[in-house]
Amino acid sequence: MTDAAVVDPLGRDLGRAIRAAREAAGISMRALAARCGLSQPFLSAVERGLSMPSIVTLYRIAEALGVAPSTLLPDDSHGDVQVIRAGEGPMVPSSERTGSAVGRLVLSDEDQGLEVYEYVTPASADLDVWYAHAGRKVLHLIEGRLRVELEGREDVHLEPGDCLVHAARIPHRWTIEGDTPVRLFLVVLRDPA
């Protein structure tokens, strides 16, 4: 089976963008893998579009390259008005852990410094990963209950309809409360490129 037979378009485009950014920065694949805590074979598979990095890994790669994660994602913007239909957008895992949450990338617009994700996760999903990066986060809970830990601050407990906005540089993680699946929208706002 050839690589082309197993490469999806998003993975291919993401891999090409990572490779281009790495080469523009003059960083070897081995050095980038070391900076990100990844194996060189895994990074090679990502660059060839054979593996899709999790959101955590995408952020680590972008940070090591000195770019915003949105610069590595395909820009699907099409002018002043855009409609994203239910179910559109690639699925991306929140981490490399088995059982991690899987979110749908609804929109990535590098020019606006905007990423929008929809998460629908079972209560059993593994969300126990700390995140911290540039920009602001807007989390709007649609269904279920969620605890958001913000390092050095009181935990925030969200109910359906609640919205949390915070500086994304504050280390944070989510925990599903109860046995009801969670559905939410996550918006990441960065300084426009």
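The values are calculated or read from the model by the stated rules, or taken from the named source; none is laboratory data. Just so we're clear, the structure is a prediction, and the values are computed from it rather than from any experiment. A quick note on method: Cβ atoms are made from the backbone with ideal geometry, for glycine too, and the neighbour counts reach across all protein chains shown.
Remarks
- Residues that are charged (D, E, K, R), crowded, with 18+ Cβ neighbours inside 10 Å and not in a strand (DSSP E or B), drawn from region 93-120: Glu110
- Residues that are within 17 Å of Pro93 (Cβ to Cβ) and part of a helix (DSSP H, G or I) within region 24-53 comprise Cys36, Phe42, Leu43, Ala45, Val46, listed in sequence order.
For (1) among the small types (Gly, Ala, Ser); (2) at pLDDT 90 or above, each residue gets a yes or a no:
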| position | (1), (2) |
| --- | --- |
| Ser77 | yes, no |
| Ala86 | yes, no |
| Ser94 | yes, no |
| Asp109 | no, no |
| Asp162 | no, yes |
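- Selection within region 1-44: residues that are at pLDDT 90 or above and among the β-branched types (Val, Ile, Thr). The member of this set that is farthest from Ser108 (Cα to Cα) is Ile27.
- Matching residues in region 148-157 - criterion: being within 22 Å of Tyr59 (Cβ to Cβ) and of a type outside the set (Gly, Ala, Ser): Val148, Glu149, Leu150, Glu151, Arg153, Val156
- Residues (within 19 Å of Gly178 (Cα to Cα) and in a loop (DSSP other than H, G, I, E, B)) located in region 126-145: Leu127, Asp128, Val129, Gly144
- Members of region 121-139 found to be out of contact with any Leu (no Cβ under 6 Å at 6 or more places or on another chain) and either within 13 Å of Tyr59 (Cα to Cα) or crowded, with 16+ Cβ neighbours inside 10 Å (or both), listed by number: Thr121, Ala125, Leu127, Val129, Trp130, Tyr131, Ala132, His133, Ala134, Lys137
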